[in-house]
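All remarks here apply to the structure that follows.
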Amino acid sequence: MINATPARLTGAGVRLGVTMALPLLPGVLVFGMSFGTVAQQTGLSLVEAVLMSALVFAGASQLAALSAWQTPWTPLGAATVVLLVFVVNSRLILMGAALHPWMSHLPWHKSYPLLAVTTDSSWVTLFRAEAEHGRRDVGILAGTALCLWTVWTLSAIPGWWFGAIVTDPKRFALDLVVLVFFAAMLVPIWKGARKARPWAVAGVVALAVHLLVPGPFHVLAGTLAGALAGALFDD
């Protein structure tokens, strides 16, 4: 049952959020550097890579966008990337709805910036703090998000320079960074073969579309197929 009591926003909550974010920072650092490397190999300048991390602040969506990056751009290509990022980030719609009881009493100049920097990690941390510490404090979300945003944005810099130094990314398997990262993300959420059926559907559809249709449409097709399969197979 969702507690409908409005949450506070305090300095103590911000400090607790920073503390709870510390164990997450090594993973965010490596992930952010991976994005910087892939961004450089895709053709983005250092400024563009850092601005993308700072303004978009959505790791999975940023990598998904790079997987469909085009030079030069076409209207269809741009629309594909926009739709792809929307599909990947659509989970934030439900996450935002869950935050409504917490933030409905806050003025827009506080609630909207917090929603803009909400990620999976900060969202989970907020609700974990309520469960483990009994704290209903939106400052926890702010502290966690501030910590993650800072490390995520800055980590793109060494990652980009590393990508610039390496002349042959395939020699060091850097072309597999995105694939390896998303594969690693599946490990902690593995709940048996039955629950993994949507993953298999997404993989088969993506592979089939990749073989039959040129361009980045296999990413979008796999995402949509996996989402629909998850809805159909939901127990």
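Going by accessible surface with a 1.4 Å probe and the largest first, 168, 137 read 168, 137. Note on residue 71 and residue 42: their simple-model spin labels are 1.2 nm apart, each label 7 Å out from Cα toward Cβ. Only protein heavy atoms count here; on that basis, with a 1.4 Å probe, residue 170 has an accessible area of about 150 Å². Dipole orientation for the chain: of the candidates 62, 36, 16, 16 has the Cα lying most toward the positive pole (charges on Cβ; Lys, Arg +1; Asp, Glu -1). Only helical runs count toward this figure. For the chain, summing -39,500 (n - 2.57) over DSSP H runs of n ≥ 4 and dividing by all residues gives -23500 deg cm²/dmol at 222 nm. Overall, the chain carries a charge dipole of about 360 debye about its Cα centre when +1 sits on the Cβ of Lys and Arg and -1 on the Cβ of Asp and Glu, all other atoms neutral. Sorted largest first by accessible area at a 1.4 angstrom probe radius, with every protein chain in place, the residues 165, 140 fall in the order 165, 140. Averaged per residue, region 43-132 has 52 square angstrom of accessible surface, using a 1.4 angstrom probe with ligands and nucleic acids left out.
Each residue was assigned an accessible area with a 1.4 Å probe, and for residue 210 the value is about 100 Å². Inter-label distance, residue 12 to residue 128: 2.2 nm, where each label sits 7 Å from its Cα along the C-beta direction.
The values are calculated or read from the model by the stated rules, or taken from the named source; none is laboratory data. Because the structure is predicted, anything quoted here is derived from the model rather than measured. FYI the Cβ positions are ideal-geometry reconstructions off the backbone, even for glycines, and counts take in every protein chain you see. Heavy atoms of the whole protein, side chains included, go into the accessibility calculation; ligands, DNA and RNA do not. Shrake-Rupley method; radii C 1.70, N 1.55, O 1.52, S 1.80 Å.
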